[in-house]
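Everything below concerns the one structure shown next.
The values are calculated or read from the model by the stated rules, or taken from the named source; none is laboratory data. All of these numbers come straight from a predicted model, not from anything done at the bench. We place every Cβ from the backbone using ideal geometry, glycine too, and count neighbours over all the protein chains shown. Please note that ligands, DNA and RNA were not included when accessible areas were found on the heavy atoms of the full protein model with its side chains. Shrake-Rupley method; radii C 1.70, N 1.55, O 1.52, S 1.80 Å.
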Amino acid sequence: MQRRQVIGAAIGGAFAAALAPQGAVRAAEAPFAEKFVKPTADKPLLACFNENPLGLSMEARAAVAKSAAVCNRYPFARAETLRKACADFVGGKPEEIVLSQGSAEAIRASVESYAHEPGATLIIPELTYSDGEMAAKRNGMPVVKVKMGKNWSIDIPAMRAAAAEAAKKGPAVVYFVNPNNPTSTIADTNQLFDWIRSQPKNTVFLMDEAYGEFVVDPSWKSTIELVHAGAKNVIVMKTFSKIFGMAGLRLGFAYTASPELHKRVHDHIAYDFFMNTPAIEAALAEIGDLGFLRLSNSENKEARKIMEDLFKELNLEYLPSQTNFCFFNLKGPLEPFAKAMKAENILVGRPFPPALTWCRISYVRPEEMKYVADVMRGLRKKGVI
């Protein structure tokens with residue numbers, strides 16, 4: 001598979017399908033094959049942060065080790081090489097990419113660039129990732145939370161109405177996580193694209209697609225497609241923290257076809273040409289490593305099936321996951337379940353108001369996921385679930 005095919009698949013909402021298990025996947029597993037070790041209090045099973053449990057690819061680990069020899073040098077040139085690689089990955093141009101410390105810095109910078117304009121408002125669903133809201137509140141920017149639809153879906157018509165009202169007073173900044181965290185679900189692509197294409201006055205869309213590479217539903221499309229088409233009201237945020245397994249190296253980027261939006265983000269990033277050398281080298285090693293990406297998706301699918309089979313067995317309501325985590329309904333407070341899991345040295349997600357009886361569990365490696373499922377079966381027998 002060529003890189004252009006990967007890009008096309010990602011934009012079309014079939015990235016995971018394009019990276020489906022092939023003969024090379026099992027061969028690529030060999031370096032990661034570790035015997036399952038029961039978690040302990042000192043080394044608990046981290047099913048709480050939506051990380052890639054494989055860690056860095058073998059090539060990335062070698063690149064990080066090799067980079068130690070040049071960490072005394074500023075990485076100006078390699079940062080530009082990375083910018084070009086990120087542009088190639090999304091099918092854009094280097095001048096449309098702003099590098100950042102994870103996607104979190106790009107989110108903060110995008111929100112802050114509007115925060116002090118008269119009448120500016122952040123529009124978010126009431127149940128979504130918190131970074132956009134936190135950035136707004138730190139800067140004294142009003143936040144409008146829109147109630148969720150059925151099954152914790154993002155109510156796009158309601159979001160659209162709220163943004164239209166806010167835009168009467170000043171910039172309406174719409175922060176949209178798709179696939180959404182913590183629900184693990186995707187939004188209606190047609191409704192979302194129709195809204196963005198309508199070019200609503202005084203409205204900008206901050207599209208956080210951290211989990212896009214895990215989507216298996218063919219109806220999903222990345223808003224990268226709209227950027228390619230020249231949309232000037234969209235900033236797409238991507239991260240190396242999830243499928244690329246680089247959460248601890250802090251690297252991401254923003255992508256936009258609008259020179260104005262590019263300047264806004266760039267002006268609020270400390271130094272987008274100043275990423276750290278190990279992160280740059282790891283990213284360059286992994287961004288074209290299709291074997292590693294296939295393996296990551298293959299294991300993620302196995303873990304997803306283990307949990308979905310468990311939910312059906314225990315008759316637990318759950319949402320259709322398009323990410324590397326699941327969201328299910330305990331039909332009771334989260335705290336007793338979380339404490340019981342912690343007693344078994346398994347850490348699960350924090351509370352996500354207003355979904356107070358729901359729990360988010362990150363997918364871990366298949367053998368670890370089977371252990372999580374067995375622990376949950378035991379908790380059912382104890383009446384905890």
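Assorted remarks:
- Net charge contributed by nearby residues that have their C-beta within less than 15 Å of residue 233 (K/R +1, D/E -1): +2
- The Cα atoms of the stretch 85-157 cover 38, 32, 20 Å along the three principal axes, with the biggest extent listed first.
- Volume in Å³ per residue [convex hull over Cα atoms, computed for the stretch 309-385]: 91 Å³
- Here the stretch 75-171 is assigned +1 on the Cβ of each Lys and Arg and -1 on the Cβ of each Asp and Glu. Its dipole about the Cα centre then comes out at about 200 debye.
- Estimated 222 nm signal from helices in the chain, with DSSP H stretches of n ≥ 4 weighted -39500 (n - 2.57), rounded to 500: -12500 deg cm²/dmol
- One chain, two ends: residue 201 and residue 305. Fully extended at 0.36 nm per residue, the span grows by 33.1 nm beyond their Cα-Cα distance.
- Label zone (residue 126, point 7 Å along Cα-to-C-beta; backbone nitrogen cut-off 13 Å) within the stretch 141-178: 144-155, 159.
- Solution diffusion estimate, µm²/s, Stokes-Einstein, the stretch 166-228, Kirkwood Rh from C-alpha pairs, 37 °C, viscosity 0.692 mPa s: 261 µm²/s
- Note on the chain: GNM, Cα springs under 10 Å; of 247, 283, 270, the largest mean-square fluctuation is that of 270.
- Taken over the alpha carbons of the stretch 241-353 as equal point scatterers, the Debye sum produces base-10 log I(q)/I(0) values at 0.15, 0.16, 0.18, 0.22 Å⁻¹ of -0.93, -0.98, -1.06, -1.22.
- Available extension along the chain between residue 34 and residue 190 is 51.9 nm, counting 0.36 nm per residue and deducting the alpha carbon span.
- Considering all C-alpha pairs of the stretch 188-319, those separated by over 25 Å amount to 42%.
- q = 0.14, 0.26 Å⁻¹, the stretch 128-213: log10 I(q)/I(0) [Debye, one scatterer per Cα]: -0.47, -1.58
- 17 Å Cα-Cα reach of residue 381 towards aspartates and glutamates, excluding residues that sit fewer than 8 places from it in its own chain: 313, 344
- Taking label positions 7 Å along the Cα-Cβ direction at both residue 266 and residue 139, the computed distance is 1.8 nm, reported to one decimal.
- Computed across the chain, the Kirkwood radius stands at 21.5 Å (inverse of mean 1/r, all Cα pairs).
- Candidates 362, 198, 100, ranked by Gaussian network fluctuation over the chain, Cα under 10 Å, top entry: 198
- Label zone at residue 315, where the point sits 7 Å out along the Cα-to-Cβ direction: the stretch 328-350 residues whose backbone N lies under 14 Å: 331
- Secondary structure note: in the chain, about 40% of the DSSP beta bridges are antiparallel.
- For peptides 80-86, 271-277, sequence by mean Cβ density within 10 Å, most packed first: 80-86, 271-277
- Beta bridges by DSSP in the stretch 196-331, antiparallel share as percent, to the nearest 5: 55 percent
- For the peptides 54-60, 166-172, the ranking by mean Cβ contacts within 10 Å, running from highest to lowest, is 54-60, 166-172.
- Our Cα-only numbers for the stretch 223-271 put the radius of gyration and Dmax at 12.2, 34 Å.
- Label-reachable residues, the stretch 336-361, where backbone N falls under 15 Å from a point 7 Å from residue 43's Cα toward its Cβ: 345-346
- Set 232/263; 137/168; 242/301; 221/301; 147/301 screened for pairs whose C-alpha atoms are more than 23 Å apart: 147/301
- Charge context of residue 259, other residues only, Cβ under 14 angstrom, K/R +1, D/E -1: 0
- Estimated translational D of the stretch 41-170 in µm²/s (Stokes, Kirkwood radius over Cα pairs; 4 °C; 1.567 mPa s): 70 µm²/s
- Average accessible area per residue (Å²) across the stretch 241-385 - probe 1.4 Å, nucleic acids and ligands excluded: 39 Å²
- In nm, spacing of pseudo-spin labels at residue 61 and residue 345 (7 Å Cα→C-beta vector): 2.1 nm
- Ranked by the mean number of other Cβ atoms within 10 Å of their residues, highest first, the peptides 148-157, 178-187, 364-373 fall in the order 178-187, 364-373, 148-157.
- Net charge of neighbours whose Cβ lies under 14 Å from the Cβ of residue 113, counting Lys and Arg as +1 and Asp and Glu as -1: -2
- GluC sites (Glu not before Pro) within the stretch 235-330, DSSP loop, no more than 16 other Cβ atoms inside 10 Å: 317
- Of the residues 212, 332, 245, the one that moves most in a GNM of the chain with alpha-carbon contacts below 10 Å is 332.
- Taking every protein chain into account, the accessible area of the stretch 75-120 amounts to 36 square angstrom per residue (probe 1.4 Å).
- Dipole-positive endmost among 41, 136, 111 within the chain (Cβ charges, Cα centre): 41
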